[in-house]
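Student: Here's a structure for you.
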Amino acid sequence: MSTILEKLDPKSVPQRKLSSGAEIPAVGLGTFGSDRFTADQIAEAVLGAIEAGYRHIDCAAVYANQKEIGESLQKAMRMGVKREELWITSKLWNNKHAEEDVIPTCKQTLKDLQLDYLDLYLVHWPFPNHHGVGVDVNSRDPHAVPYIHENYMKTWRQMEKLVEMGLVRHIGTSNMTMPKLNLLLRDAKIKPVANEMELHPHFQQPEFFKYCIDNQIAPIGFSPIGSPTRPDRDKTPDDTVDIEDPVIVKIAQRLNVHPAVVCVKWAVQRGQIPIPFSIRPNEYFTNLKAATAEPLTDEEMREIAGADKKNRLIKGQVFLWEAAKDWHDLWDEDGKIAS
Ligand SMILES: NC(=O)c1ccc[n+]([C@@H]2O[C@H](COP(=O)([O-])OP(=O)(O)OC[C@H]3O[C@@H](n4cnc5c(N)ncnc54)[C@H](OP(=O)(O)O)[C@@H]3O)[C@@H](O)[C@H]2O)c1
């Protein structure tokens, strides 16, 4: 049992309405501990976060901790939290895009998480390219390929089947781009309700953010604090640090909170769904509380909008295919899908 000192009534946390009409808590707990924390530490944080008032947990098979998190979810339910109060997201990893793999992989995730259904299942990346755990950014999958829409749709059809089978309530995408989503929206029988994408003050993606809102795709924002303690292998010399930004620091001083909390507040107030990670009770509690009190002023929101550095942190280099020039090819920055 964790030692949670502070708690929030989950009902006080704002909800976002999805295109289906379902509601998702406006802040979730990230569970990617990278190589810094064990699966047990993260599972303990999940239980502690639920006790503190979180009802939305962002999981993925590739984070290699779903079994442990499943135990925490069971404990939370034994303590009286109802399944329907929880919003559990998971993701299909890149090496399971083949048609025959999608349904068994989701069933394995359900088994690991000890659940009958997921609230949201995402295709983690739009490429079937994968890599070993903790590899260097220069490592490449020799079988890596660019985005092939026909293949993505084969995977998506299986995702749709999961909804039809009742194993998954909603499906969505992650690490997509506008041109790729245009094709998916054109061809999907069941449209994505959400896209998980990198969003923090130094990487605001205003055009893509608006595109998602306009198309009723909820933007779930990963690395909302700018992932300040990510491993060195995921850092490049040009990267900027959101929590050291003078605008963020100034607002943090006014509110007497850590700059991380300002990042979460900004995210919620802008209308995305941040999923900050932390295993520390004081941090995950203040991140949740950020959504409930002391809004930023209009002037502060404008100042943060002006602080964007267009600094993508999760560049995805390890997913590049042989003919790709560099990581920019993964993100279709000129509006065309790189092949
Ligand atoms: N779909 C995708 O491809 C994708 C990609 C990346 C991430 N994600 C998801 O997004 C989640 C969050 O992203 P992230 O883990 O990269 O980064 P993040 O949430 O931006 O940053 C997490 C780090 O910020 C620090 N922090 C958190 N709250 C704080 C607070 N209140 N005060 C001070 N420091 C605080 C913690 O550092 P310490 O640990 O040192 O305390 C923590 O490790 C992941 O866990 C994962 O679930 C998804």
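The values are calculated or read from the model by the stated rules, or taken from the named source; none is laboratory data. Here the structure is a predicted model, which means the values were calculated and not measured. Glycine also receives a Cβ, built like all others from the backbone with ideal geometry; neighbour counts cover every protein chain displayed.
Student: For region 283-307, which residues satisfy the criterion of being free of Cβ contacts under 8 Å to residues at least 40 places away in the same chain, within 16 Å of the ligand (Cβ to nearest atom) and outside any loop (DSSP other than H, G, I, E, B)? Let's see the steps before the verdict.
Tutor: Residues of region 283-307 that are free of Cβ contacts under 8 Å to residues at least 40 places away in the same chain, as a first pass: 283, 286, 293-295, 297-299, 301-302.
Subset that is within 16 Å of the ligand (Cβ to nearest atom): 283, 286, 293-294.
Within region 283-307, GLU283, THR286 qualify.
Student: Give region 140-158 a look and list any residue that's within 12 Å of PRO126 (Cβ to Cβ) and part of a helix (DSSP H, G or I), or say none.
Tutor: HIS149, ASN151, TYR152, MET153, THR155, TRP156
Student: Given the conditions (1) aliphatic (A, V, I, L, M); (2) within 25 Å of ALA60 (Cα to Cα); (3) in contact with a Pro (Cβ under 9 Å, 6 or more places away or on another chain), report the number of the one that ALA323 does not fulfil.
Tutor: With (1) aliphatic (A, V, I, L, M); (2) within 25 Å of ALA60 (Cα to Cα); (3) in contact with a Pro (Cβ under 9 Å, 6 or more places away or on another chain) applied to ALA323, the lone miss is (2).
Student: Just checking, does region 22-41 include any residue being more than 25 Å from SER227 (Cβ to Cβ) and either modelled with pLDDT of 95 or more or assigned to a strand (DSSP E or B) (or both)?
Tutor: First, the residues of region 22-41 that are more than 25 Å from SER227 (Cβ to Cβ): 22-23.
From what's left, either modelled with pLDDT of 95 or more or assigned to a strand (DSSP E or B) (or both): 22-23.
Yes, some residue in region 22-41 is more than 25 Å from SER227 (Cβ to Cβ) and either modelled with pLDDT of 95 or more or assigned to a strand (DSSP E or B) (or both).
Student: Anything in region 308-331 that is assigned to a loop (DSSP other than H, G, I, E, B), closer than 15 Å to TRP125 by Cα and within 16 Å of the ligand (Cβ to nearest atom)? List them, or say none. Write out each step before concluding.
Tutor: Our first condition is that a residue be assigned to a loop (DSSP other than H, G, I, E, B); within region 308-331, this holds for 308-316, 320-326, 331.
Retained after the next criterion (residues that are closer than 15 Å to TRP125 by Cα): 314-316, 320-321, 331.
Those that are assigned to a loop (DSSP other than H, G, I, E, B), closer than 15 Å to TRP125 by Cα and within 16 Å of the ligand (Cβ to nearest atom): ILE314, LYS315, GLY316, LEU320, TRP331.
Student: Additional query: Please enumerate the residues belonging to region 22-43 that are within 22 Å of ILE314 (Cα to Cα), surrounded by fewer than 22 Cβ atoms within 10 Å (Cβ to Cβ) and of a type in the set (S, T, N, Q).
Tutor: SER34, THR38
Student: Same structure again: Hey, can you tell me all the residues within region 186-231 that are of a type in the set (D, E, K, R) and within 14 Å of the ligand (Cβ to nearest atom)? If you could, list the steps in order and put the result at the bottom.
Tutor: Here is the first cut: in region 186-231, the ones of a type in the set (D, E, K, R) are 186-187, 189, 191, 196, 198, 207, 210, 214, 230.
Correct list: GLU196, GLU198, ARG230.
Student: Let me spell it out: the conditions are (1) part of a helix (DSSP H, G or I); (2) free of Cβ contacts under 8 Å to residues at least 40 places away in the same chain; (3) crowded, with 23+ Cβ neighbours inside 10 Å; (4) not hydrophobic (A, V, I, L, M, F, W, C), and SER90 meets all of them except one. Which number is the exception?
Tutor: For SER90, the exception is condition (1).
Student: For region 270-282: of the residues being more than 10 Å from the ligand (Cβ to nearest atom) and not small (Gly, Ala, Ser), which is farthest from the chain's Cα centre (by Cα)?
Tutor: Step one: list which residues in region 270-282 are more than 10 Å from the ligand (Cβ to nearest atom), which gives 270-273, 281.
Now restrict to residues that are not small (Gly, Ala, Ser): 270, 272-273, 281.
Numbers: ARG270: 16, GLN272: 11, ILE273: 9, PRO281: 20 Å.
Among residues in region 270-282 that are more than 10 Å from the ligand (Cβ to nearest atom) and not small (Gly, Ala, Ser), the one farthest from the chain's Cα centre (by Cα) is PRO281.
Student: Which one of LEU288, LEU313 is within 21 Å of the chain's Cα centre (by Cα) and under 14 Å from ALA52 (Cα atoms)? Lay out the reasoning, then the answer.
Tutor: Details: LEU313 fails: under 14 Å from ALA52 (Cα atoms).
Exactly one of LEU288, LEU313 is within 21 Å of the chain's Cα centre (by Cα) and under 14 Å from ALA52 (Cα atoms), namely LEU288.
Student: When only residues in region 101-153 that are touching a strand residue (DSSP E or B) at 6+ places or on another chain (Cβ under 8 Å) and β-branched (Val, Ile, Thr) count, which is nearest to the ligand (Cβ to nearest atom)? Let's see the steps before the verdict.
Tutor: First pass over region 101-153, keeping only residues touching a strand residue (DSSP E or B) at 6+ places or on another chain (Cβ under 8 Å): 102, 105-106, 109-110, 113, 115, 117-126, 152.
Applying the additional criterion that residues be β-branched (Val, Ile, Thr) yields 102, 105, 109, 123.
Working: VAL102: 17, THR105: 16, THR109: 14, VAL123: 10 Å.
Filtering region 101-153 for residues that are touching a strand residue (DSSP E or B) at 6+ places or on another chain (Cβ under 8 Å) and β-branched (Val, Ile, Thr), the one nearest to the ligand (Cβ to nearest atom) comes out as VAL123.
Student: May I pose another question? Could you tell me whether ALA267 is among the aliphatic types (A, V, I, L, M), more than 11 Å from the ligand (Cβ to nearest atom) and in contact (Cβ under 8 Å) with a residue 40 or more places away in the chain? Give the steps one after another, and end with the answer.
Tutor: Values: among the aliphatic types (A, V, I, L, M): yes; more than 11 Å from the ligand (Cβ to nearest atom): no; in contact (Cβ under 8 Å) with a residue 40 or more places away in the chain: yes.
So ALA267 does not fit the description; no.
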